[in-house]
Structure formats: C-alpha cells, structure tokens
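See structure below.
The values are calculated or read from the model by the stated rules, or taken from the named source; none is laboratory data. Being a predicted model, the structure only gives us computed values, none of them experimental. So basically every Cβ, Gly included, is an ideal-geometry build from the backbone, and we count neighbours across all protein chains shown. All accessible areas refer to the heavy atoms of the entire protein, side chains included, with ligands and DNA or RNA removed. Shrake-Rupley method; radii C 1.70, N 1.55, O 1.52, S 1.80 Å.
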Amino acid sequence: MVIRIYKPNTPGTRNRGVLVFSEITKNKPEKSLIRVNFRKKGRNNRGIITIRHRGGGHKKRYRLVDFKRNKKGIPAQVQSIEYDPYRNARIALVTYEDGEKSYVLHPQTLKVGSVIMSGKKVEITVGNTLPLSSIPLGLDVHNIELVPNKGGQIVRAAGTSARILAKEGSYVTLRLPSKEVRLIRQECNATIGIVGNGDSNKIKIGKAGRKRWLGIRPTVRGIAMNPCDHPHGGGEGRSPIGRKRPITPWGKAALGVKTRSKNNLSNKYIIRRK
C-alpha cells in the first residue's frame, strides 16, 4: 500500500495524504451483495439529536460481509478486491464451488485467484478460517469470534491482528491489537493472517470538507462557549477550564476516564488490561 502526498498548491492539499488504490481490482460492487442503508445521522426515533457532530456525508451502500465463514469444506476462489465505504479494510469477493458469492475481509498477501476455505482440518494458510484450537501457537489471526458460531466480532480493522499465545483447557490465550491479553473459547473461529490496507492510519485529511464527505460535522470546543452552553465556557479571554478535570456538557468526567463497567461479565476472561 502506498500513500500519495500532494504538493501544497492550495491550503487543502498542503500535507494532504491519500491512499493509492492500486490493489483494487473492481470498481462496482456485486449487485446481489449490497443493501440500502438508512443512516440515522445521530437522531433517535423522534428525530432528536442524541449523538452530536453527525450528519451529511456521501451516500453509501452497505456491503454484506460474511463474518461467520460457516461454509465448511467448500473451496472459494477470490474474484476481486474491492473498496468498502463502511470500513478502513478492503473486502474480497469470493465465489464458492457451489456458485454462491460472498464478501470477506481481505487479509494481506491474499491475491485474486487464491483459494480459501473454512473448516476444522483445512490448511494453515492466509485467508482460511479455523477454530482457535486448530491454529498453531504464534500465528497472527483476525476476525475472531467471541461466541461460537456468532461470527467474527473483534480484530477486523485495517492492519490489525491478534497473536495466539497459549492453549489451556477449553480456552486459548490471545494478545489483541490493544495489547490486552484475554481468554477466548477454543471452539471460536478465527481467520489466519493480518487484515490488509495497513497504511490507512497514515492518511491525512487535509481539509475540513473531506471530513464533511465522511459524515462528520464540526466540533466546537467547550471552552469557546458561554457558561450556559458548556461547563468549560465563560471567563475573560483565553481562560482555563476552571475545574478539577475536563467534563462533558452534561457534567460527566471526560478525556481519559475509563468507561468499562466494573461488573462486566467478561471481566473474568481478561488476563491483562490494555
């Protein structure tokens, strides 16, 4: 993956960096695998804004990505590598031997024409999906299930992978991209390899308008508001927050405060926190 840096011909192109779509092999998505997705733009069922700074953005169609990979023992050939507007990773269109088509996350080094499979005794190669109990120690995996047969829920972002550290009893120990070490049941499936498009974190937006294309509206600093609008507001000139810690407009602690519940049932599976 290559990042293209623009010359500073305009303020918007100064330091602007975009991905070169050299690995994309098909521009139009598979018609049978797309759905119209109504975006709520931060509103609830009454039309009231419940999440600020959302709205606008380019119209998008949702691609049905197969996170379950439950067609066991049936080979599938990679037909194309495509762009997905709803995620920073790329997706691969695969065709199974029985004619069915589906989208899967595109791992690094997986090329058009490659054959992938899922099952308990398939080959240990990039793109294949196996139970964690069948994957050797030290391998990088992604698209990992938390509940057996529910589909991959974690490690799906571009350039991410988890590493298998140990196996003991009914559980496998994984080190996640956040450096958290946790236990996951050995029946849960995972896909071998690292998610592709790892350079996506090097993108530089370059201008405010590009944020608006992504559906993100402007954010006003609380310190720039009046006291009636935000707890940080008011004062003469550039004044400090005036409180022990930063807080939200509704008085709750913000910026770095841990929000995970202490009574979360999955706490017992976490060996080392991130």
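Tabulated data for the structure shown
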item: Residue tally, condition under 20 Å from residue 49 (Cα atoms) and open to solvent by 60 Å² or more (accessible area, probe 1.4 Å), over the range 217-243; result: 7
item: Set 95, 25: member being out of contact with any Ser or Thr (no Cβ under 6 Å at 6 or more places or on another chain) and either farther than 22 Å from residue 129 by Cβ or not basic (Lys, Arg) (or both); result: 95
item: Subset of the range 100-113 [in contact (Cβ under 8 Å) with a residue 60 or more places away in the chain and among the small types (Gly, Ala, Ser)]; result: 102
item: Qualifying residue in the range 132-155 (condition: crowded, with 16+ Cβ neighbours inside 10 Å, among the β-branched types (Val, Ile, Thr) and in a loop (DSSP other than H, G, I, E, B)); result: yes
item: Residues of the range 156-193 classified as open to solvent by less than 50 Å² (accessible area, probe 1.4 Å) and not polar (S, T, N, Q), total; result: 18
item: Candidates 162, 166, filtered to the one that is of a type outside the set (Phe, Trp, Tyr) and more than 20 Å from residue 119 (Cα to Cα); result: 166
item: Candidates 111, 60 - the one that is over 30 Å from residue 221 (Cα atoms) and among the charged types (D, E, K, R); result: 111
item: Selection count where residues are surrounded by 12 or more Cβ atoms within 10 Å (Cβ to Cβ), assigned to a loop (DSSP other than H, G, I, E, B) and small (Gly, Ala, Ser), scope the range 244-255; result: 1
item: Residues within the range 194-216 that are buried (at least 17 other Cβ atoms within 10 Å of the Cβ) and either touching a helix residue (DSSP H, G or I) at 6+ places or on another chain (Cβ under 6 Å) or in a strand (DSSP E or B) (or both), tallied; result: 1
item: In the range 187-207, residue nearest to residue 84 (Cα to Cα) [restricted to those that are modelled with pLDDT under 95 and hydrophobic (A, V, I, L, M, F, W, C)]; result: 203
item: Checking residue 114 against (1) surrounded by fewer than 22 Cβ atoms within 10 Å (Cβ to Cβ); (2) under 19 Å from the mean Cα position of the chain (by Cα); (3) within 23 Å of residue 20 (Cβ to Cβ), the condition it does not meet; result: (2)
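A quick yes/no check of all residues on (1) closer than 24 Å to residue 150 by Cβ; (2) part of a loop (DSSP other than H, G, I, E, B):
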residue: 182; (1), (2): yes, no
residue: 187; (1), (2): yes, yes
residue: 218; (1), (2): no, yes
residue: 223; (1), (2): no, no
residue: 242; (1), (2): no, yes
residue: 257; (1), (2): no, yes
residue: 262; (1), (2): no, yes
residue: 266; (1), (2): yes, no
residue: 274; (1), (2): yes, yes
